[in-house]
Amino acid sequence: MAKISEAAKAECTRMQNKYKDLLNSVEVNMDKLEKGLASIEDNFEVAKNKIDLAVMYIRASSFIATICYISIEHLDIRVENQLNDGRRYINKAISLLEEALGDYGDDSLSLNDEVHEYLKDKFTDEWRYKFICSFGYVIDYFKFCYGENSKWLQNFIEIEGRLALLSKNIIDFKNYIKELSPEVEGYIYRVKLMNLTKSLISASAEQYRTKYELQDRRPDDMKMALNLTGTLRRIYIYLNEVEEAEEQKKIYDLWKKKLDTDLKAMKK
């Protein structure tokens, strides 16, 4: 590696300091909100605050990614410890969102109806769509910073799977159909979020299936692929998209047969 000039180091430090200050600021607010959660008695208010806290964790992780990116660009140095800190923030954000909205997969589209009733006027359809998009961008940012040969990229299959289910669980399925009119505020973003959710779930299911086929054939990976495929089929049925639902059933049956066959072979 070429010798790094003092000027390059100084410029890198100057640029990073801006984001380190932003990171410190958001971490102070995260700490305050996290401590305040213990004093909130209403479960729905707790859920709302956990979403707010998750947003802060995602923002903090984006600052960490930018600090790392500056180091890569100016010094050609990839600081994995910093990236791992940011990845832990991403996982913390996902856990908070799962606590608030649920981590339900194929089980149901409406187990969190009561939470959505409370959150209806707290988070607009536009906010929900842009939030999932932004979270996805941050995850992609980290994958880029880790580099295509990083051993840590495998962790993002699970992260993206959890994001796909969160995208589903942030949708108010109880009211989606009856509000599916251009005359109802937020229509465009509701449709965009639904389409994004279907795309994320489909991509994540394929990632888990590919991981199962090409790597260590862990049954849990194929089971997760099946769970996601079943979830997508349930959404298609809910939307009365019959052909798409039938296609997902074929995929599910094919993958299930493959898993059952492999499990039988493992027992021999």
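The values are calculated or read from the model by the stated rules, or taken from the named source; none is laboratory data. This is a predicted model, so every value here is computed, not measured. Quick reminder, even Gly has a Cβ in these numbers, built from the backbone with ideal geometry, and neighbours come from all protein chains shown. Remember, those area values only see protein heavy atoms, side chains included, never the ligands or the DNA or RNA. Shrake-Rupley method; radii C 1.70, N 1.55, O 1.52, S 1.80 Å.
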Length released on extending from L180 to K35, taking residue separation times 0.36 nm less the Cα-Cα span | 48.3 nm
Pop out the carbon and sulfur fraction of the accessible area of region 214-268 as a percent, whole number, probe 1.4 Å.
-> 52
222 nm [θ] for the chain, helices only, -39500 (n - 2.57) per DSSP H run of 4+, per residue, to 500?
-> -27000 deg cm²/dmol
What are the GluC sites (Glu not before Pro) within region 1-59 that DSSP puts in a loop, where the Cβ has at most 11 other Cβ atoms within 10 Å?
-> E41
To the nearest 10 degrees, the tilt of helix 6-37 (Cα long axis) against the first principal axis of the alpha carbons of the chain is 50
For region 1-71, whose charge dipole is built from +1 on Lys and Arg Cβ atoms and -1 on Asp and Glu Cβ atoms, the candidate among C12, I67, L53 with its Cα farthest towards the positive end is C12
Could you please state how large a percent of the accessible area of region 32-112 is carbon and sulfur, counting protein chains only and using a 1.4 Å probe?
-> 43
Compute the distance in nm between two label points, each set 7 Å from the Cα along the Cα-to-Cβ direction, one at S199 and one at F44.
-> 3.3
Which FRET efficiency value, to the nearest 0.05, is calculated for V28 and A8 with the Förster distance at 30 angstrom and r the Cβ-Cβ distance?
-> 0.45
Treating only Lys and Arg (+1) and Asp and Glu (-1) as charged, each at its beta carbon, one finds that the chain has a dipole about its Cα centre, in Debye to the nearest 20, of 920
If the chain between L214 and E73 were fully stretched, how many nm would it gain, using 0.36 nm times the residue separation less the Cα-Cα distance?
-> 47.5 nm
In nanometres, the difference between 0.36 nm per residue of separation and the alpha-carbon distance of D262 and D21 is 81.5 nm
With every protein chain left in place, what is the accessible area per residue of region 142-268 in square angstrom, probe 1.4 Å?
-> 56
What are the ³J(HN,Hα) values, in whole Hz, obtained from phi via the Karplus relation 6.51 cos²θ - 1.76 cosθ + 1.60 with θ = phi - 60°, for each residue of region 199-215 in sequence order, with x given for Gly and Pro?
-> 5, 5, 5, 4, 5, 5, 4, 5, 4, 5, 5, 4, 4, 4, 5, 9, 10
Distance-filtered residues of region 196-214 - backbone nitrogen under 16 Å, label point 7 angstrom along K250 Cα→Cβ | none
